[in-house]
Amino acid sequence: MIDKIFEYLQKSPSPYHAAATAAVWLDAAGYTRLEEADFWNLEPGKGYYITRNNSAVIAWRVPAHAIGGWRITASHSDSPSWKIKTDTVENDGCRRLSVEGYGGMIMSSWLDRPLTVAGRVMLRTPDGLQTRLVHLDRDLLVIPSLAIHMQRDINKGHAYNPQVDMQPLWGAAGSRTLTDLIAEELNVSAQDILDTDLQLVTRQAPCFVGADREFFMAPRIDDLECAAATLLAFLDAAPDCDSSCAPVWALLDNEEVGSGTRQGAASRFMRDVLDRILDAVPHSAQAMHRAMANSFLLSADNAHATHPNFAAKSDPCAPVRLGGGVVLKYNASQKYTTNAISGAVFRAVCEKANVPVQVFTNRADEPGGSTLGNLQSQTLPIPMADIGCAQLAMHSAVETAAVSDAEAMVNAVSAYYRVHLRALADGTYTLA
């Protein structure tokens, strides 16, 4: 199982690759790709998916009977990185790329390591405009540190200036440009490259660490670990899902910058798809409202493990350890959607599947971040719980997590899709 998650991490250097890799897995499992602009003809018992912006995916299976609810998991495809603004800029005998930060990151973790470029390119072709993915799979760039001799107090802390400290070295003055290399990679003319969405990518492959290989390190663990784990669970369990509830898997984009895009959790993407599924199958006049009342969503985004060097930074009442199981996240300000009802439902599912659960809360004097669930609540009035895998060094160029937690996430979400969950009244459920 961990090998499949490593495969997903390695094949997904950008959100566009993450969506494309998911599409490959869905295709292999027999799901049919649809386009938003086309007419949808949905058949009971079959699976479908759509993409938006090449970076978000929603997949589902149509039940054999009338849709009586939705069983949804949602994760996100993006990670903090450096967006490339322009092609190479020359100064002092060197060429650099011009980059801008995307999301909140640990800037120093990007220094002095091999980097490359990945993303998408818009091409002019004889048939019109075409999107192509690109990943220059080689050690290509570096963001070099300033020597300690020129900043003697660097180990006392440094406020990194993205415009000054974090511009990557491309090559010597007069070297080929990024556009030249992309054209060569795609076997096209440079003049036919009309526009790009490209970012820097760390070159480290996923690897095991720990005395017994119990941990792993990789770029983009937040949130591609959850994306891969929930997709594996969906593909495993969706054919066995409650016959009256439609299983749905979602990979959304732009969570790291607020989700306020047409492919983000704050958009109507999910709601539009669910409404359109109902429009494409026979249903009663009240089916949409009844389905919402009997639905549930797991917002899957990774959680902070208690750091062994900085335990005081975590809530002492809710320690989270690597290898401790799936994390259920709570926040008094509703940055996480878990409450007594949704938390109890998820705990009951995990208990039934013999999956360990641990709890994350922020220290009372530390504001927490937000994620997909509370934004998705603006368009989906259904119970939600926020879950994740514990990890260290969140938003570093390379992060650390536990092998057993990835497996626990797959098992928990598989059980969630398979369980017979019925909303009998507000706050009352049957679960079998």
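The values are calculated or read from the model by the stated rules, or taken from the named source; none is laboratory data. Not measured: the values here are computed from a predicted model. Cβ sites come from the backbone with ideal geometry, for glycine too, and all protein chains shown count toward neighbours. We work out accessible area using only protein heavy atoms, side chains counted, and drop any ligands, DNA or RNA first. Shrake-Rupley method; radii C 1.70, N 1.55, O 1.52, S 1.80 Å.
Residues in the stretch 10-50 that are under 18 Å from V410 (Cβ atoms) and touching a Lys or Arg at 6+ places or on another chain (Cβ under 6 Å): T21 alone.
Within the stretch 255-295, how many residues turn out to be in a loop (DSSP other than H, G, I, E, B), of a type outside the set (S, T, Y) and within 19 Å of the chain's Cα centre (by Cα)? Walk me through it before giving the result.
Taking the stretch 255-295 as the starting set, the residues that turn out to be in a loop (DSSP other than H, G, I, E, B) are 258-268, 280-286, 294-295.
Retained after the next criterion (residues that are of a type outside the set (S, T, Y)): 258, 260, 262-266, 268, 280-283, 285-286, 294.
Narrowing the set further to residues that are within 19 Å of the chain's Cα centre (by Cα) leaves 258, 260, 262-266, 268.
Within the stretch 255-295, residues that are in a loop (DSSP other than H, G, I, E, B), of a type outside the set (S, T, Y) and within 19 Å of the chain's Cα centre (by Cα) number 8.
For R124, the requirement of being charged (D, E, K, R), farther than 20 Å from V201 by Cβ and at pLDDT 95 or above is met. With respect to the stated conditions, L322 is hydrophobic (A, V, I, L, M, F, W, C), open to solvent by 20 Å² or more (accessible area, probe 1.4 Å) and in contact (Cβ under 8 Å) with a residue 60 or more places away in the chain. Residues in the stretch 103-127 that are surrounded by fewer than 17 Cβ atoms within 10 Å (Cβ to Cβ) and of a type in the set (F, W, Y): none. Is the stretch 399-420 home to any residue that is among the polar types (S, T, N, Q) and under 19 Å from A238 (Cβ atoms)? For the stretch 399-420, residues among the polar types (S, T, N, Q) and under 19 Å from A238 (Cβ atoms): present.
Report those helices (runs of 4 or more DSSP H) wholly inside the stretch 128-243 carrying at least 3 residues which are surrounded by 14 or more Cβ atoms within 10 Å (Cβ to Cβ).
Here the list reads 178-186, 221-237.
Scoring E351 on the criteria (1) exposed (fewer than 15 other Cβ atoms within 10 Å of the Cβ); (2) among the acidic types (D, E); (3) in a loop (DSSP other than H, G, I, E, B) leaves a single failure, condition (3). In the stretch 63-84, of all residues being at pLDDT 95 or above and either in a loop (DSSP other than H, G, I, E, B) or closer than 29 Å to A173 by Cβ (or both), the one that is most open to solvent (accessible area, probe 1.4 Å) corresponds to K83.
Test of understanding: among G369, G323, which residue is closer than 24 Å to S404 by Cα and in a loop (DSSP other than H, G, I, E, B)? Before the answer, list the steps.
Numbers: G369 fails: closer than 24 Å to S404 by Cα.
It is G323.
Give the residues of the stretch 244-264 that are open to solvent by 10 Å² or more (accessible area, probe 1.4 Å) and either out of contact with any strand residue (DSSP E or B) (no Cβ under 9 Å at 6 or more places or on another chain) or hydroxyl-bearing (S, T, Y) (or both), sorted by residue number. If the condition is that a residue be open to solvent by 10 Å² or more (accessible area, probe 1.4 Å) and either out of contact with any strand residue (DSSP E or B) (no Cβ under 9 Å at 6 or more places or on another chain) or hydroxyl-bearing (S, T, Y) (or both), then S244, G258, G260, T261 are the ones that fit.
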